[in-house]
Structure formats: structure tokens, C-alpha cells
1. Set the Förster radius R0 to 25 Å, insert the Cβ-Cβ distance between Val125 and Thr70 as r into 1/(1 + (r/R0)^6), and round the FRET efficiency to 0.05.
2. If you put +1 on each Lys and Arg Cβ and -1 on each Asp and Glu Cβ, how big is the dipole of the chain around its Cα centre, in Debye rounded to 20?
3. Please list, in chain and number order, the residues 5+ apart from Arg143 or on another chain whose amide H is under 5 Å from its amide H, with Hs placed from the backbone.
4. Spin-label point model (7 Å from Cα, Cβ direction): what's the Phe44 to Val21 distance in nm?
5. For Thr59, enumerate residues with amide H under 5 Å from its amide H, sequence gap 5+ or separate chain, H modeled in the peptide plane.
6. Applying 1/(1 + (r/R0)^6) with R0 = 22 Å to the Cβ-Cβ distance of Asn63 and His115, what FRET efficiency is obtained, to the nearest 0.05?
7. For the chain, what is the mean residue ellipticity at 222 nm derived from helices alone (per DSSP H run of n ≥ 4: -39500 (n - 2.57); sum divided by total residues; nearest 500 deg cm²/dmol)?
8. May I ask for log10 I(q)/I(0) of the chain at q = 0.08, 0.10, 0.16, 0.17 Å⁻¹, from a Debye sum over the Cα atoms as equal point scatterers with solvent left out?
Amino acid sequence: MVKRKKSDKKKKPIAIIVIAVAIMVLFLIRLYEVITPLIREKVFNNGIMGPFFTGWGLTDMGNALLSSVTYLILSVTGIVVLIGFLRLHRWSWVLLMAWTGASLVISLVDYFYSHANYVVMASNVIIAFALNIADVQAIFSIRRRNGTSL
């Protein structure tokens, strides 16, 4: 009989994979939100044509570009956080928890005052619950294995 080598690596809980999938869903939604305003303003057909400002306000083109750039930054930041999260860096857990909380607040405001994005809300709730599992917090050194905080 052949003996198997014991691995020194910690086994990742399934919640890590669930969080990674939820982050990827949010990434794809944000990429959609990058492209949609540009398509609506026909940037891919006509190019970027000004003006972008009228007095103190933005034109439709300026608003589309601002929205697209903002969602592009969020998308790239999400991928950086995902890489750090899968490499089990503590900073990624802290950043993801803060980001999820802020995103939930923004989603709730959108829900009450404009149009709600239910997929984003559901993904954020899943991430928030999964980040608070004791095994996940222990892996990221947020909580000790016996359940006490650090």
C-alpha cells in the first residue's frame, strides 16, 4: 500500500469558493454596466465626441463616460480583491467586508429611491454572510479557532 503525503496547506472552506463566485458575478455585472452607457451614447459607432459639460452639469455623453469609468475602476478593484482573497490575505477580507457593507447601503438606497439591482443585492448578502462564518474568519486571522475575536 502506498502512503499518501500529508499536505501542510489548510483546507479552504466552501464559503471561500462561494464568495469567489459571488465576486465574479459582481465583476460581470460591473463590466455590463461599463459597456451599457457607452452603447446607449453610440460611442462604439461615432467615437467619443464632446461636449461633456454644460455649465455646472454633465451632458449625456459626460454622464456615460463618468459612469463607465467608475464601474471600470470598481471592476478592476474587484479582481484585485478577488486575487488577494483567494491567496488568503487578511487585507482582502477587511476590504471585502467594508466594500460589501457600503455596497449594501447603496443598494438599499437604490431600492427605496430608484431602481434596485436584485442580483447585486443578493450577491452582497451572500458575501456578507459567508465572510462572517467562523471558519472563514479563522483562516483570515480575524477570529481564533475557539471563536474569540483577536
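1. Details: r = 23 Å, r/R0 = 0.91.
With R0 = 25 Å, the Cβ-Cβ based efficiency is 0.65.
2. Details: 16 positive and 6 negative charges, 306 e Å.
With Lys and Arg at +1 and Asp and Glu at -1, about 1460 debye.
3. The answer is Ala138.
4. 2.9
5. The list, which skips near neighbours in sequence, is Phe53, Thr54.
6. Working: r = 16 Å, r/R0 = 0.72.
Plugging the Cβ-Cβ distance into 1/(1 + (r/R0)^6) gives 0.90.
7. Details: 6 runs with 102 residues, N = 150.
Calculated at 222 nm, the ellipticity per residue is -23000 deg cm²/dmol.
8. -0.33, -0.48, -0.93, -1.00
Every number here is computed from the coordinates shown, using simple stated rules; none is lab data. On a predicted model such as this, the values are computed, not experimentally measured, just so you know. Reconstructed Cβ throughout: ideal geometry from the backbone, glycine too, with neighbour counts over all protein chains shown.
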